[in-house]
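The values are calculated or read from the model by the stated rules, or taken from the named source; none is laboratory data. As the structure is a prediction and not an experimental result, all values here were calculated from the model. Cβ: placed from backbone, ideal geometry, glycine included. Neighbour counts: every protein chain shown. Please note that ligands, DNA and RNA were not included when accessible areas were found on the heavy atoms of the full protein model with its side chains. Shrake-Rupley method; radii C 1.70, N 1.55, O 1.52, S 1.80 Å.
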Amino acid sequence: MPTVLIVDDEAPMRDQLRSRLSEVWPELTIAGEGANGLEAVQLAGELKPDVIFLDIRMPGQSGIEAARLLYSQAHIVFVTAYDQYAIDAFEQGAMDYLLKPVTAERLAMTRRRLEPRLKKAPADIGVQLAELTHLLRNGTPEKKPSYLKWIQAQVGNSLRMISTKEVLFFQADEKYTRVQTLAAELLIRKTLKELADELDPDEFWRIHRSTLVRVDAIAEVTRDARGRQLLHVRGYPEPLEISRGHSHLFQQM
């Protein structure tokens, strides 16, 4: 199984990437994590990962500086919030370039790009770097993905069509998924994982392993006496708990 090293100076970003990787590439083994370029070089030497996900802007040694030392040892994927580094990232040996926040769909594309190359030595990068750099400079835009717009729910002997814009949140409920709208609560057989893969990640956020919330239905986020983050949905009386693994979505709290 491929092994991965995650390097980012922000712990919430490492958590998010780890969570996304577990969704789209569960066979991966996370060998370790680091917080800067120096740790990336040290850990890569110790752990011998197949792939290194590198943030670019980090204190001390940057991701690009580290990549100059690491591209012959592992396949490099840059993860950053600044797209102006794209050309430099590819020319330093990056196999791919991800913008934060990383979506599951975009990470799945990275998996498809990496899998056939994992059988090749990382040092054999001359042709692929030229190809990737050319693609980045001159490539055609990727086709906009088609996201789920309607949910089908069985109600008695009839089938009801629910627009995703009506949905306040989805919540796992044993073998079913609960669909909550302003007007009703329904159950569907589609799993929460299937929904997360099919819904627009800009429209629905996962706030807990069992809950997906429509972003524009969010009223506010508060903390209770125990320090837990609670999300309040417009038109729904009960708050929804935000798990620690997804608290980075609300960093101002």
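Data overview
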item: Residue list for region 1-12, restricted to those being in a strand (DSSP E or B) and crowded, with 21+ Cβ neighbours inside 10 Å; result: 4, 5, 6, 7
item: Of the criteria (1) more than 22 Å from the chain's Cα centre (by Cα); (2) part of a strand (DSSP E or B), which one residue 169 fails; result: (1)
item: Cross-chain or 6+ apart pairs with Cβ under 8 Å, region 186-209 first and more than 18 Å from residue 107 (Cβ to Cβ) and among the charged types (D, E, K, R), then in a loop (DSSP other than H, G, I, E, B) and open to solvent by 70 Å² or more (accessible area, probe 1.4 Å); result: 189/175
item: Scope region 45-61; condition of a type in the set (Gly, Ala, Ser) and assigned to a strand (DSSP E or B); matching residues; result: none
item: Residue 216 vs. criteria among the charged types (D, E, K, R), under 17 Å from the mean Cα position of the chain (by Cα) and within 24 Å of residue 106 (Cα to Cα); result: no
item: Close pairs from region 104-115: first of a type in the set (Lys, Arg), partner in a helix (DSSP H, G or I), Cβ under 7 Å, at least 6 apart; result: 111/24
item: Strands (runs of 3 or more DSSP E) (entirely within region 189-232) containing at least 1 residues that are in contact with a His (Cβ under 9 Å, 6 or more places away or on another chain) and not hydroxyl-bearing (Ser, Thr, Tyr); result: 204-208, 218-223
item: Qualifying residue in region 216-233 (condition: open to solvent by 100 Å² or more (accessible area, probe 1.4 Å) and hydrophobic (A, V, I, L, M, F, W, C)); result: yes
item: Boolean, residue 148 is of a type in the set (A, V, I, L, M) and either on the phi > 0 side of the Ramachandran plot or part of a strand (DSSP E or B) (or both); result: no
item: Leading residue by the ranking (most open to solvent (accessible area, probe 1.4 Å)) among those in region 13-44 that are assigned to a helix (DSSP H, G or I) and free of Cβ contacts under 8 Å to residues at least 24 places away in the same chain; result: 42
item: Which listed residue, of 241, 198, 220, 203, is under 16 Å from residue 165 (Cβ atoms) and either among the hydroxyl-bearing types (Ser, Thr, Tyr) or touching a Leu at 6+ places or on another chain (Cβ under 9 Å) (or both); result: 198
item: Residue check, residue 208 at pLDDT 90 or above, open to solvent by less than 70 Å² (accessible area, probe 1.4 Å) and either in contact with a Gly (Cβ under 9 Å, 6 or more places away or on another chain) or basic (Lys, Arg) (or both); result: yes
